[in-house]
Every structure is written in structure tokens, then in C-alpha cells.
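Only the coordinates and a few stated rules stand behind these numbers; no lab work does. It should be emphasised that the depicted structure is a prediction, and the values quoted were computed from it without experimental measurement. Quick reminder, even Gly has a Cβ in these numbers, built from the backbone with ideal geometry, and neighbours come from all protein chains shown.
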Amino acid sequence: MPLIAPDVLRTPDERFTALPDYPFAPNYVDVADAQLGPLRMHYLDEGAADAPIVLMVHGNPTWSFLYRHMIATVVAADYRVIVPDMIGFGRSDKPAERSAYSMAKFVGWMRAFVEALNLHDITLVCQDWGGPIGLRVLAEVPDRFAAVLASNTLLQTIDPPPLGVPEFPGEAILAWIESCRVNDDLPVDELIARACVQRPKQAVLDAYAAPFPDARYKAGMLEITCCIPVREGQPGLDENRAAWRFLGTWNKPFATAFSDQDPATIAWEEVFQRRIPGARGARHGRIVGAGHFVQEEQGAALADYLVTFLQSIR
């Protein structure tokens, strides 16, 4: 259990050898944390350095491995693809205490990453927690972003329709939050498998679990779920609402490509399409044959849709 700084873990490199369909070289950049000091953040960086940037942001409990079937297609279309691992995930540093994580921290770390690499003209591709985190960053530094493709994601508030979705958070969300709150360990491979239409091969499931040698590395994975705002006054709720107010003025291209078998997020598809000016009149997609982790089950189809979207706005 290597300690890089007090209360910070770093997954050993040997955990990431010979992963299926993941031949990419690692890259690292430090992001600041006021309590813990610099944290090392891992990312993939593929394609020409001067090409338009596609920033692919993962969610929970995944990491950059999730996007492996999409990268080559987008690079071949003459884009630079950058795929970070959020702090607490993948090859990035992992604060060991759950108290080190909050919605504001996740957003701040991702914004620091974007600013450290000085990224501009970004097309954001976001799924799961990549949506609330990535869209919050976009709302804070909008001049750095050019377009958005959202898939199987949301930006949580407890507002009823037309601002939000019916019955959110709902019993299933509350049960998931409680499970993460009371448990010190959950099986990453099974969490992935349960959200897929077809169970992935065990080697793939093992790759998703690779960043977490044991329960000590899972503080961020567990605590991020507890960041879902489910009541008034909860941290992150006002900031999410502020992000929605900004998105209500966003006229740049915004497309959705949700999958056909993800009941957890599908209600948010219509909210994005209706509330964001840049989404009105866009050619939105529907990816067939995938559950929540659409990139895992239908990454090629999502990549093809993304390239079509990018070429339509170029």
C-alpha cells in the first residue's frame, strides 16, 4: 500500500499490465488539493497535439479503460482524445479517507486538470458521473468548451418537472446511496456486470477492478455516490442548480446519445434536450444493445455517432 503523501494511496503499476484492448501509454499531471497537497492525475492523450480536443470523462466505478473501444475511431477522424482518470479512480491518486471527497472536490480536481493542460475548444463526452462533474466544469469555464455529447448521464437536482425528472431520487437511488454509505467495500466487477445487458468477460471485469487492490483504495468510489443531492441544503445542490441555469443559456452544440437499456438515466435525456438551447434541433442518437455502460457494450457505435456529430459541427 504505497503512501505518496499522508492519507493518499497510489495503485501499483503492475496492476495495469496486459489489460485487454488497452495499449495506451500513461500520462500524468499534478492537480492541487488544499489539504493533501499535489495529487497525481492520470490521463490518456492520443492523436495529434494540435488537433481539436475530445475530452472523455468517465463515472463510477469506471476509469479510462471504459473508453478503450472509442479512442482509435475518434483519433482516426483527426481529433486529439484525452481521457482522464478522476482522482480516486484508475491510475490517479486515491485519498484514503472518505472525508477527502466531495462534489466540490471532484469538480475542482477536474477543472484543475483542464487548466493544467490548458485545454481549449473542447468537445466534452460525458457518461454517468462524467456528466455532473464535466458539466459543472463547463459552467465554470465555458470559454474552454465548444460542444457536448452526453450519454447515460444526468445533472442531479431534486426539482420536479419541468426542471427535473419525476420521482427523483426515488427508492432505488436512495438504496444505492445507503449501500455506499454503510459499506466499506463493494465488488467493482459485479457492479459493472449488473449494469450491462450481457455480462462482460471476466478479464474485462478484472480490468475494471484493477485500480482497487483492496477496500482501502475504494474511498472515492464509495463516497462519490453519497455526493448525490437528495434533499434541500445538501452540498452540491445549489451548485448543480446554478450549472443548470447556465446550461439554459448554452447555445453551442449539445447532443445526446443515450442507450436503449439504461432505466437509471433515460428520463434525463428529455431534460437535456428540452432545457439546453444548443440541443434543440440537434440530431440526437439512441445506441441499441447497451445498458448503463454504453462505452463497454457498444463503444464502436457510440464512437461512430460521436464522429458524425463532430463532423456536423466542424
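Brief remarks on what is shown
- The set of residues from the stretch 78-106 being under 30 Å from Asp304 (Cβ atoms) and either out of contact with any Phe, Trp or Tyr (no Cβ under 9 Å at 6 or more places or on another chain) or part of a helix (DSSP H, G or I) (or both) comprises Asp78, Tyr79, Arg80, Phe106.
- Neighbours by Cβ (under 9 Å, 6+ apart or cross-chain): first from the stretch 54-68, farther than 20 Å from Ala147 by Cβ; second among the polar types (S, T, N, Q) and surrounded by fewer than 24 Cβ atoms within 10 Å (Cβ to Cβ): Asn60/Thr225
- Restricting the search to helices (runs of 4 or more DSSP H) fully inside the stretch 201-314 and requiring at least 2 residues that are surrounded by fewer than 22 Cβ atoms within 10 Å (Cβ to Cβ) and polar (S, T, N, Q) gives 294-313.
- Scan of the stretch 101-122 for residues that are surrounded by 21 or more Cβ atoms within 10 Å (Cβ to Cβ) and among the aliphatic types (A, V, I, L, M), ordered by number: Met103, Val107, Met110, Val114, Ile122
- Residue match in the stretch 80-98 (condition: in contact (Cβ under 8 Å) with a residue 60 or more places away in the chain and of a type in the set (S, T, N, Q)): no
- Here Arg275, Arg245 are screened, and the one residue that is out of contact with any Pro (no Cβ under 9 Å at 6 or more places or on another chain), closer than 17 Å to Gly131 by Cα and among the basic types (Lys, Arg) is Arg245.
- Val75 vs. criteria touching a helix residue (DSSP H, G or I) at 6+ places or on another chain (Cβ under 7 Å) and either part of a helix (DSSP H, G or I) or buried (at least 24 other Cβ atoms within 10 Å of the Cβ) (or both): no
- Qualifying positions in the stretch 78-102 - hydroxyl-bearing (Ser, Thr, Tyr) and touching a helix residue (DSSP H, G or I) at 6+ places or on another chain (Cβ under 6 Å): Tyr101
- Subset tally (residues that are over 20 Å from the mean Cα position of the chain (by Cα) and within 19 Å of Gln273 (Cβ to Cβ)) for the stretch 230-245: 1
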